[in-house]
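One structure below.
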Amino acid sequence: MTSTMKVCLPGTVVLVVAIGGGLRTASSKAHEAVALDFGPMTVIDVPGAATDSALDINAEGVIVGRYASGGRTHGFVRSAAGDFTTLDVPGAVFTAATSINERGDIVGQYALPAAPNDRHGFLLKDGEFTSFDPAGSHFTNALAINNRGDVVGRYCTVAVCTAPGTGAFHAFVLRDGEFTLFDAPGALETDAFGLNSRGSVAGGFVNGQKQEQLFVLDDDVFTTFALPDGEPASLDKGSINERGDIAGAYCSTAAPCLTTLTAAQHAFLMRDGVFASFDVPGARATAFTGINARGDIVGTYSDGSRFHGFLIEAGGWRDH
C-alpha cells in the first residue's frame, strides 16, 4: 500500500556559494548562478504514520527513512514501485534507516529498552543485522554507506549527547571493520553525513567561531565551504552523489541550525560551485537528505504540525 501525492513546484532562488578556508580551499573561480527548476514532487508518507522522514535513495529508486506510529519510531524501506516495508532492529525500541547503497545494504541507528536515549549503529546486509559503535560512544549515528560498503557518520562519547551543531559530536569512517575517527581542522564538532563510491566524504562542522559550515574530505584533504551570507548549515543529514553534488539544509536564523517543526530551514543543492536554495511551497521547514547517482533527491518538510518525506526525480529538475 502506498501513500503519495504529486505537486508541481516553482523554480528556486539561486545563490552563488561563498568559499571558506581549510587545509585546502575550494576553487575560487567565478561561477554563474544556475537556476534549477524542481518538480514534480512526490510526498512520501507511510500509511498510518504520525510523522515521516525520507533519508536516502539509491540508483534503483529505493528509499529508506523513518516514521513514527503508536509512540515508536521505525525504519522503512520504500520500493521503486512505491511499496513500504517496516524495518526494525530486533529488540529495539527505536530504529531509523538512514542510507542504502546500490546492493541494497542499509545502515542506520537503533536504541534498546535498557538505554532508550543511547544510539547504536547498524548494518543490514543479506538479511542480517550487525551492530557497531566507535569505542566509548553513547550515541552513534550511521548516516551513509557507499557501494563498497564503507560507512560514515558521527558519534558522541559524553554522558548526555546534545543535538548536532551543539558541540557534542565527532566524525567516523568505518571501512573493512576498522574505524577512522576525525575532525575538520580546528573544528569544535564534526558530522560526516554523506559518502560516495569514489570515497569522497561530505559533512558539516562547527568552526572556532561557532559557525556551522560544510566540508568535503578527499584523500585526507579537507575542502571547506561557508554558505552564502554566512548562513548556518544543518549538520544533521545530507548527501553527496557520484558526480559530487551535495544536498542538505541550512537555516536563516542563528546557529545551531536544528530541524524542528517550525524551524526557518531551507533545502539546498550545491553543484559545480553553485548553491541553489529550495523550499516546499507553504512548508515551515525543508531539508534535502539524500541524492543518488542519477540526481533523484529525497528530503523532509514540516507543515508546522508534522514532518513528511518527499521525492524529486532527476527528470523533474534541470539547469537553465
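The values are calculated or read from the model by the stated rules, or taken from the named source; none is laboratory data. Values in this document were obtained by computation on a predicted structure and should not be read as measured data. Here the Cβ is made from the backbone with ideal geometry for all residues, glycine too, and neighbour counts use every protein chain on show.
Taking the stated definitions as given, is residue 260 more than 29 Å from residue 106 (Cβ to Cβ), exposed (fewer than 15 other Cβ atoms within 10 Å of the Cβ) and out of contact with any Ser or Thr (no Cβ under 7 Å at 6 or more places or on another chain)?
So residue 260 does not fit the description; no.
What number of residues within the range 226-244 are surrounded by fewer than 20 Cβ atoms within 10 Å (Cβ to Cβ) and in a loop (DSSP other than H, G, I, E, B)?
The total comes to 3.
Which is more than 16 Å from the chain's Cα centre (by Cα), closer than 27 Å to residue 140 by Cβ and not aromatic (Phe, Trp, Tyr), of 208, 282?
None of the others qualify; the one that does is 208.
Identify all residues within the range 198-253 that are among the hydrophobic types (A, V, I, L, M, F, W, C) and over 22 Å from residue 301 (Cβ atoms); write none if there are none.
201, 205, 206, 215, 216, 217, 221, 222, 225, 226
In the range 305-320, which residue that is modelled with pLDDT under 95 and surrounded by fewer than 21 Cβ atoms within 10 Å (Cβ to Cβ) is farthest from residue 194 (Cα to Cα)?
Filtering first and then ranking leaves 320.
Let's see how each residue does on (1) surrounded by fewer than 18 Cβ atoms within 10 Å (Cβ to Cβ); (2) aliphatic (A, V, I, L, M); (3) within 21 Å of residue 194 (Cβ to Cβ); (4) out of contact with any Ser or Thr (no Cβ under 9 Å at 6 or more places or on another chain):
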residue	(1), (2), (3), (4)
49	no, yes, no, no
72	yes, no, no, no
79	yes, no, no, no
98	no, no, yes, no
103	yes, no, yes, yes
123	no, yes, yes, no
133	no, no, yes, no
138	no, no, no, no
146	no, no, yes, no
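Working carefully through the options 260, 253, find the one that is under 17 Å from residue 228 (Cβ atoms), of a type outside the set (Gly, Ala, Ser) and in a loop (DSSP other than H, G, I, E, B).
Of the residues listed, the single one that is under 17 Å from residue 228 (Cβ atoms), of a type outside the set (Gly, Ala, Ser) and in a loop (DSSP other than H, G, I, E, B) is 253.
Here's a check for you: in the range 177-190, which residue that is farther than 17 Å from residue 131 by Cβ and among the acidic types (Asp, Glu) is surrounded by the most Cβ atoms within 10 Å (Cβ to Cβ)?
Among them, the one singled out is 189.
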